[in-house]
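Comments concern the structure below.
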Amino acid sequence: MRKTAAWPLTWIYTVLIVYASLYPFDNWRVQGIAPWAFLWAPLPRYWTGFDVLSNVLGYAPFGFLMTLAFHRTRRRWPGIGLTALAAAALSLFLESLQMFLPVRVPSNLDAALNVGGALLGALTARGLAWVGLLERWSRFRDKWFVQEADGALALLAVWPMALLFPVPVAFGLGQVLERLEAALANAFQDTPWLEWLPLREVELQPLLPMSELLCVAMGLWLPCLLAFGVLRQRYQRFVAALGVMGLGVAASALSAALTYGPSHAWGWVGIEVAVGLGVAVVGMVALAFVPARACGVLALVALVWQLSLLNNASADAYFAMTLQTWEQGRFIRFHGLIQWLGWLWPYAALLYLVRRLSSSASAASV
C-alpha cells in the first residue's frame with residue numbers, strides 16, 4: 001500500500017472541523033429535545049450567503065483530502081461514496097452536539113450544505129485524477145521524496161497556515177506555557193488544588209535580542225530540516241529551502257497585513273528579525289550537506305531549544321492587546337483554528353521526529 005500525506009491531513013482537518021463546529025465549548029446544557037430533532041425541523045427562515053459559503057467551503061477540503069487518500073491507498077474502493085458517508089456522519093454528529101450548546105443552532109440546511117461541500121471536494125479530487133494531475137503529482141513525489149515522507153509533508157503543508165495567526169516572535173510557534181499557566185490558575189482559583197500546580201512564581205521577561213534572533217533562525221531551520229530529511233537529492237534541498245523561506249516570509253507578511261493593516265505588512269521585520277533571516281539563510285546552505293538522519297537529530301535539538309526559549313519568555317503587552325482584537329472579531333472560529341495550528345504544530349513535529357528517529361534506530365539495529 002502506498003503512503004500518502006493525505007491521510008494525516010484528513011485527520012488534522014477533521015479536528016479543525018470539530019473545533020469550528022463546537023466552539024466555544026462552554027455552557028453545555030440539556031434542552032429536553034432530541035439531539036436529532038433538527039433533521040425534521042423546517043428549513044431556516046433567515047440565512048446569508050456567508051453561511052452557505054462557509055458551510056460548503058468548510059467541508060470541501062475534507063472531501064478532497066479523503067478522496068485523494070482513497071485514490072492513493074485504496075484505489076478500488078468507492079472513494080466518493082465513502083467520503084460522502086463520512087462527511088454525513090461527521091456533520092450529523094456535530095450538528096447533534098450543537099443542540100447542547102446555547103450559542104450554536106443546529107440546522108438541517110447546514111448539514112446538507114456540509115455534505116454538498118464534501119461532495120464538491122471529492123468530485124474535484126476525482127476530476128484531477130481523471131485528467132492525470134494526481135498521477136503527475138505521484139511521479140513527482142516518488143522522484144523527490146522518500147517513501148516514508150507522508151508525516152513530514154503533512155507538517156510542511158500545515159506550517160504556512162500556522163504562521164497566519166500573530167506570534168510574539170517571527171516564526172516562533174508553540175509559545176503556550178504562559179497562557180496555559182494562566183488558564184490553569186484561573187480554573188483552580190479558590191481551590192486547594194491551586195497549590196499543587198507547578199506554576200512559576202518568577203515574573204517572565206521578554207526575549208533578549210540574541211535569543212529572538214536565534215528563535216527566528218531556528219523557526220526557519222525546522223521546516224527546512226524536516227524537508228531535508230525526506231528529500232532524495234541535494235539540489236532539491238536548495239529548492240526546498242528557497243520555498244520555505246518564501247512561504248514563511250509571505251505568510252508572516254500576510255498575517256501582519258491582516259492584523260495591523262496592509263501598510264504594516266512588513267512592520268514585523270525589525271533588526272533582530274532581519275539578522276535572524278540572514279543567519280537562517282547561512283544555516284540552510286550549511287545544513288543542505290548534512291545526512292538525512294542527522295537532519296532529524298538537529299531538527300529535534302533546534303525544536304526543543306526554540307520551545308525552551310519561547311516558553312521561558314513573556315509576550316509583550318502590545319502583543320496581548322493584538323490577540324484580544326483578533327479574539328473579539330467576527331471570524332473568531334477561523335482565527336481560533338489557525339491559532340491552534342500555531343500552538344500545536346511544534347509539538348506535532350516533536351512527536352514526528354521522536355517517532356521517526358526511534359524507528360530509524362530500531363531498523364538500524366536489526
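The values are calculated or read from the model by the stated rules, or taken from the named source; none is laboratory data. From a predicted model like this one, the values you see are computed outputs, not experimental measurements. For neighbour counting, all protein chains shown are included, and Cβ atoms are generated from backbone atoms with ideal geometry for every residue, glycine included.
Which residues, taken from region 128-145, are loosely packed, with under 12 Cβ neighbours inside 10 Å and under 17 Å from Y235 (Cβ atoms)?
Of everything in region 128-145, those that are loosely packed, with under 12 Cβ neighbours inside 10 Å and under 17 Å from Y235 (Cβ atoms) turn out to be F140, K143.
Pick from V282, V230: which is of a type in the set (A, V, I, L, M, F, W, C) and in contact with a Phe, Trp or Tyr (Cβ under 6 Å, 6 or more places away or on another chain)?
The conditions single out V230.
When region 63-119 is examined, which residues are found to be crowded, with 18+ Cβ neighbours inside 10 Å and charged (D, E, K, R)?
R72, E95, D110
Would you tally the residues in region 111-125 being free of Cβ contacts under 8 Å to residues at least 60 places away in the same chain, of a type outside the set (V, I, T) and touching a helix residue (DSSP H, G or I) at 6+ places or on another chain (Cβ under 6 Å)?
Qualifying residue count, region 111-125: 4.
Only residues that are in contact with a Lys or Arg (Cβ under 9 Å, 6 or more places away or on another chain) and either closer than 17 Å to V297 by Cα or buried (at least 23 other Cβ atoms within 10 Å of the Cβ) (or both): list them for region 231-249, please.
Across region 231-249, the qualifying residue is only L231.
For residues in region 274-290 being surrounded by fewer than 18 Cβ atoms within 10 Å (Cβ to Cβ) and touching a Leu at 6+ places or on another chain (Cβ under 9 Å), which is farthest from C215 (Cα to Cα)?
Among residues in region 274-290 that are surrounded by fewer than 18 Cβ atoms within 10 Å (Cβ to Cβ) and touching a Leu at 6+ places or on another chain (Cβ under 9 Å), the one farthest from C215 (Cα to Cα) is V290.
Just to check your reading of the model, which residue among V301, V239 is free of Cβ contacts under 8 Å to residues at least 60 places away in the same chain and closer than 20 Å to Q175 by Cα?
That would be V301, the only listed residue that is free of Cβ contacts under 8 Å to residues at least 60 places away in the same chain and closer than 20 Å to Q175 by Cα.
Taking P291 as meeting all but one of (1) more than 26 Å from L242 (Cβ to Cβ); (2) at pLDDT 90 or above, write down the number of the exception.
The single condition P291 does not satisfy is (1).
Rundown of residues vs (1) at pLDDT below 85; (2) in a loop (DSSP other than H, G, I, E, B); (3) more than 16 Å from N108 (Cβ to Cβ); (4) touching a helix residue (DSSP H, G or I) at 6+ places or on another chain (Cβ under 8 Å), yes/no style:
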{"position": "L43", "(1), (2), (3), (4)": "yes, yes, no, yes"}
{"position": "Y46", "(1), (2), (3), (4)": "yes, yes, no, no"}
{"position": "S54", "(1), (2), (3), (4)": "yes, no, yes, no"}
{"position": "Y59", "(1), (2), (3), (4)": "no, no, no, yes"}
{"position": "F62", "(1), (2), (3), (4)": "no, no, yes, yes"}
{"position": "T67", "(1), (2), (3), (4)": "no, no, yes, yes"}
{"position": "R76", "(1), (2), (3), (4)": "no, yes, yes, no"}
{"position": "L90", "(1), (2), (3), (4)": "no, no, no, yes"}
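Which one of these does V304 not meet: (1) modelled with pLDDT of 90 or more; (2) under 21 Å from the mean Cα position of the chain (by Cα); (3) buried (at least 19 other Cβ atoms within 10 Å of the Cβ)?
Here V304 clears every test but (3).
Is it fair to say F165 is on the phi < 0 side of the Ramachandran plot, without any contact (Cβ under 8 Å) to a residue 60 or more places away in the chain, in the same structural domain as V269 (by TED's automatic domain parsing) and surrounded by 15 or more Cβ atoms within 10 Å (Cβ to Cβ)?
no
Go through region 111-140 and count every residue that is touching a Pro at 6+ places or on another chain (Cβ under 8 Å) and either at pLDDT below 90 or β-branched (V, I, T) (or both).
Number satisfying all stated conditions: 0.
Mind checking which residues of region 52-62 are in contact (Cβ under 8 Å) with a residue 60 or more places away in the chain and surrounded by 15 or more Cβ atoms within 10 Å (Cβ to Cβ)?
Matches in region 52-62: V52, N55, V56, Y59, A60, P61.
Which fully enclosed helices (runs of 4 or more DSSP H) of region 206-289 have 1 or more residues being in contact with a strand residue (DSSP E or B) (Cβ under 8 Å, 6 or more places away or on another chain) and within 21 Å of D150 (Cα to Cα)?
In region 206-289, the matching helices (runs of 4 or more DSSP H) lie at 234-260.
Return only the number of the condition from (1) buried (at least 19 other Cβ atoms within 10 Å of the Cβ); (2) over 23 Å from the mean Cα position of the chain (by Cα); (3) in the same structural domain as S255 (by TED's automatic domain parsing) that A170 does not satisfy.
(2)
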